[in-house]
Amino acid sequence: MNKTANGFIEQKLEQGHPEYFSLYRVLKTWAGDIWNAYTTVPEQIDHGPAHSAKMLEYAGILLKPLRKKNSSYRLNGGELFLLAAAIVLHDIGMQIGWREFLDIDAGVAALTPHQRQLIRHKHADTTAHVLENVQSALPNWLEKNLTGDQQKTLRRDMCQPLALVC
């Protein structure tokens, strides 16, 4: 595990909350697969795994001094999970929005400038929509890669807060 600021949140999650860490790792892999499965709309290229890794690094930088100043300040396992998972999932709507919501058969090249702007402005809603739907019907990839307990945790406790935070 990387001990730099980039790994701080993941490290804390792994060390103190292995059940949430394993769920986070599966969701992180799922997010990576979403980015790899589709063609990114060109103006949205700054979003994706590298952008999420940078945000995770910044969140770790922000949390470290808070813990040092106040030793009683701790995020619980669910809070750490929501923070880390929201960071890696928050922009997946950029990748799927053009297919799911605009129904363009011709692909990315056929999008008008107005449609591209719609994707940019609606990507948070698209992300939230996808995550909220995980609650009722897990996408096939997740269904195959989550344990029964992970599915219950995600459906019961995490989908709506995760969608809201993303």
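Figure legend. Inter-residue proximity from the range 118-135: first residues closer than 10 Å to residue 163 by Cα, second residues of a type in the set (A, V, I, L, M) and open to solvent by 30 Å² or more (accessible area, probe 1.4 Å), beta-carbon distance below 8 Å, spacing 6+ or different chains. Indicated pairs: 128/164. Looking only at residues of the range 85-126 that are among the acidic types (Asp, Glu) and surrounded by fewer than 19 Cβ atoms within 10 Å (Cβ to Cβ), we find that the one that is modelled with the highest pLDDT is 125.
The values are calculated or read from the model by the stated rules, or taken from the named source; none is laboratory data. If you're wondering where the values come from, they're calculated on a predicted model, not measured in any experiment. Ideal geometry is used to build each Cβ from the backbone, glycine not excepted, and the neighbour counts take in all protein chains shown. Only protein heavy atoms, including side chains, enter the accessible area calculation; ligands, DNA and RNA are left aside. Shrake-Rupley method; radii C 1.70, N 1.55, O 1.52, S 1.80 Å.
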